[in-house]
Amino acid sequence: MTQINKFAGYGIAVAAALAVAMALLVSTAYADVTAIAVDVADPDVGDTVTITVSTDGASEAVHIDIHPNSVGAVEFAGGADSATVTTSGGLVDVEVEATEAGVVVLRAQQVDADDDPTETIAITVGGAPSEVASLALATPGALGDGDIANGSVRALTSEGDGVGGETVTVVIGGAGTLHATGGVCDVAADAPTTAVTECTVDTASSPASVLGIAQFAIEATGDPGDEISILTFTGTRSANATVTIGGVDAETVTVAGSASETGGEVDTITVTALDEDGNPVPDGTAVSVGVSAGVAFACTTTVNGVATCSYTPPGVAQTVTAVATVTGTTGTTTFEAGGEVVGDGSFTGTIPSSGVALVTFNGGTVAQLAAAAQAEGVLSVSATVGGEFIVYIVGAPAFVNAEFNSTFSAGLEAGTPVILYIPAS
């Protein structure tokens, strides 16, 4: 009962933390700040950093503060956490002291201006050890005004392996907004009419093909030549990129997808886009793909009118609808994909009457795993994903095992090693 209570408490804490993360405020934005820069991007604790803010007016009041998702910290003059200053000739410099290790995202907003995106920049204060060694940001190569396209960011170890369960903040600036279509950020269904410019999302914990990936979608809202800035950050790492709005149009879009025999294989969705004359759209045109089941990710931009997206099928066999969008034109297809994990739901290995045992699960659903464990007097079953243990408590309420059930919603493959805990009678 003590162990059950322990994991019940853990589940409640995780749920509460996610609720807080998804409810983090969308920052107020102002119009006429044109850029923010720093002289040192990776200071150590105690170092002085000079922030330079540019405005399109010669003398403008500017407010500079720290994004609430920041893990590290800096101090403004007098130990303050923000400053309001006035530009001279369209520029102003403000000094801060790095006081706490981690990623600090600085925001510059013009006081009493229109509601346009805030300019942001991330600095990494040294001395912040983390499993995440880097963030790999994938963005559309080109967007036309009104286009919607997928982007993604992947948390990686120093060996290049994905890290699941990392909370990533995505901030969009310039001539773009976040969009609900094709992304998994917590964006309202009516976006981008609400001009949502940031969200938080956790990186995927499974399957291995998408481990560490967090997805989002952006819409271009400016004119050709305008830029969209994309900033992503965790507690200790950040990555940023810029996308330039172009002027490309597709008249016809066709989509093709292939089926997978099991729920763990990654297939490819291919998109072909042609202009009104039947010619391929320009190279580098962005493509967005949404699917009714499974996960479409890592879409390329077009080359000779063709783009591809990686695809992880669902765990259960079904008809999948895929919708591709290119410069506002859509194409749709359906295909069969997915399959249930096959296995007899048994264990291979010696299971003692009490204690701990490392055995192999011979494949099957979570329900089969629970039944086999209960028959052996097992209290808990632990499996690893991305080097981290996920625990199933036999007979516990559903919320206690929510993470395990979600991670292995398609079942566990044959040959999966698990650790069993059998209490003394």
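Charge dipole (Cα centre; +1 on Lys/Arg Cβ, -1 on Asp/Glu Cβ; no other charges) of the stretch 31-128 amounts to roughly 140 debye.
Taking the Cβ of residue 126 as the center, what net charge do the other residues with Cβ under 9 Å away carry, scoring Lys and Arg +1 and Asp and Glu -1? Walk me through the numbers on the way to the answer.
Details: positive: none; negative: 42, 44, 47.
Within the 9 Å Cβ shell, the charges total -3.
Under a Cβ-Cβ cut-off of 14 Å, what is the net charge of the residues other than residue 59 that fall near it, where Lys and Arg count +1 and Asp and Glu count -1? Intermediate values should be presented prior to the final figure.
On the way: positive: none; negative: 32, 56, 60, 112.
Neighbourhood net charge equals -4.
Report the calculated FRET efficiency for residue 95 and residue 249 (r = Cβ-Cβ distance, R0 = 45 Å), to the nearest 0.05.
Values: r = 48 Å, r/R0 = 1.07.
Result of the calculation: an efficiency of 0.40.
Stretching residue 346 away from residue 321 to a fully extended chain increases their span by 5.5 nm, per 0.36 nm per residue minus the current alpha-carbon distance. In terms of packing, defined here as the mean over residues of other Cβ atoms within 10 angstrom, the peptides 147-157, 277-287 line up highest first as 147-157, 277-287.
Could you rank the peptides 327-336, 299-308 by their average count of other C-beta atoms within 10 Å per residue, with the highest value first?
On the way: 327-336: 16.2, 299-308: 18.9.
My ranking of the peptides, most packed first, is 299-308, 327-336.
What net charge do the residues around residue 282 carry, taking every other residue with its C-beta under 12 Å from that of residue 282, with Lys and Arg at +1 and Asp and Glu at -1? Local charge sum for residue 282: -3.
Descending by average beta-carbon neighbour count within 10 Å, the peptides 84-90, 55-61, 363-369 line up as 363-369, 55-61, 84-90, the highest first.
Readers should treat all values here as calculations from the given coordinates under stated rules, not as data from a laboratory. From a predicted model like this one, the values you see are computed outputs, not experimental measurements. So basically every Cβ, Gly included, is an ideal-geometry build from the backbone, and we count neighbours across all protein chains shown.
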